[in-house]
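Remarks on the structure that follows.
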Amino acid sequence: MSDPTVTERLRTGMARGVLSFPLTSFTDDGALDLPAYRDYLAGRLAAGPGALFPACGTGEFFSLDETEYGQVIGAAVAAADGRLPVVAGVGYGWPQAARFARIAEEAGADAALLMPHYLVKAPQDGLVAQVREVAARTRLPLIAYQRDHVAFTAATVRRIAEIPGVIGLKDGHSDLDRLQRLKLAAPDGFLFFNGAATAELQARQYASLGVTAYSSAVHAFAPEISRAFFTALGERDDATVEKLLAGFYIPFVELRDRVPGYAVSLVKAAARLRGLPVGPVRAPLTDPSPADLTDLAALLERGLDLVGAAR
């Protein structure tokens with residue numbers, strides 16, 4: 001592993017707050033809206049996240065061209081102003097992932113999240129080679145991300161942890177038996193992140209394995225709810241954790257699961273309901289139906305009431 005400074009900054013941030021995966025702001029006609037994005041970022045940072053992960057899945061990385069990507073990462077770096085780590089999403093096949101990593105490097109990012117490669121399933125040797133090829137072409141520390149068609153074995157985690165520049169793993173599978181094996185296989189100091197969809201649902205289970213850091217989509221639109229849950233979890237306030245799970249998070253997941261792509265478009269719609277300048281999603285995602293928006297508004301109101309926050 002390399003760059004202990006970034007690793008320690010991430011470790012410190014992970015103990016302080018949730019990991020923020022900001023939305024990317026677009027105009028009504030689908031253009032990147034940088035002024036709105038800067039305003040939106042200021043609100044996320046004011047809520048005290050542990051680290052900022054721009055242009056990842058929630059930020060519609062898959063819909064950005066390279067110029068837009070560089071602008072999004074640059075805006076995030078400027079907004080963070082060194083106060084917390086900025087980890088840029090990179091992905092696709094390794095040549096393109098390396099290009100995005102170079103753009104993120106030039107924009108001043110502190111590290112990169114290597115998202116699952118495009119389309120195809122691959123053997124473990126290929127997964128290792130993908131990480132190795134990207135790591136060899138950037139000075140940014142890398143966090144590997146396993147979800148969907150990327151699933152590492154314990155032996156693979158040992159191998160990628162030996163690649164210079166690889167500092168951690170984000171898990172999106174929620175297979176706790178496998179995760180325990182991966183964590184035991186990794187060297188001391190290797191970072192692990194809970195990257196499950198709506199990670200709060202599995203946060204206690206991940207924490208039981210020593211994986212306490214998690215990404216929060218809810219922070220993108222209701223940091224009051226996200227922070228209340230994070231605090232209750234850290235204080236082992238099970239009553240509050242369960243109240244928020246039953247009253248907000250589980251109904252939110254049920255609503256999210258109605259339509260493919262709602263993991264992003266529902267979050268963006270919730271942000272718009274709160275007056276945040278994020279705009280619509282880009283195709284192939286679609287904005288929620290009027291009926292689902294009505295249900296989302298009622299759920300958002302309930303969640304804010306649960307934590308005593310202003311609407």
Exception for E133 within (1) of a type in the set (D, E, K, R); (2) touching a Phe, Trp or Tyr at 6+ places or on another chain (Cβ under 8 Å); (3) in contact (Cβ under 8 Å) with a residue 60 or more places away in the chain falls at (3)
Over region 254-278, the set of residues touching a residue at least 40 places away in the same chain (Cβ under 8 Å), in a loop (DSSP other than H, G, I, E, B) and either closer than 14 Å to D295 by Cα or more than 18 Å from the chain's Cα centre (by Cα) (or both) is R274, L276, P277
Within region 92-114, the residues that are crowded, with 24+ Cβ neighbours inside 10 Å and either more than 11 Å from A55 (Cα to Cα) or hydroxyl-bearing (S, T, Y) (or both) are A97, A101, A109, A111, L114
Every listed condition ((1) out of contact with any helix residue (DSSP H, G or I) (no Cβ under 6 Å at 6 or more places or on another chain); (2) aromatic (F, W, Y); (3) over 15 Å from F100 (Cα atoms)) holds for F53 save (3)
Of T5, T12, T58, T67, the only residue that is surrounded by 15 or more Cβ atoms within 10 Å (Cβ to Cβ) and not in a strand (DSSP E or B) is T58
Of the residues in region 28-54, those that are in a loop (DSSP other than H, G, I, E, B) and either in contact (Cβ under 8 Å) with a residue 40 or more places away in the chain or closer than 15 Å to V86 by Cα (or both) come to D28, G30, D33, A47, G48, P49, G50, F53, P54
In region 196-246, residues that are touching a Lys or Arg at 6+ places or on another chain (Cβ under 9 Å), assigned to a helix (DSSP H, G or I) and under 12 Å from S20 (Cβ atoms) total 3
How many residues of region 156-179 are more than 15 Å from L140 (Cβ to Cβ) and assigned to a loop (DSSP other than H, G, I, E, B)? The answer is 5
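FYI, it's all coordinate maths here, none of it is from the lab. What you see is a predicted model, and the numbers here were worked out from it, not measured in a lab. Glycine also receives a Cβ, built like all others from the backbone with ideal geometry; neighbour counts cover every protein chain displayed.
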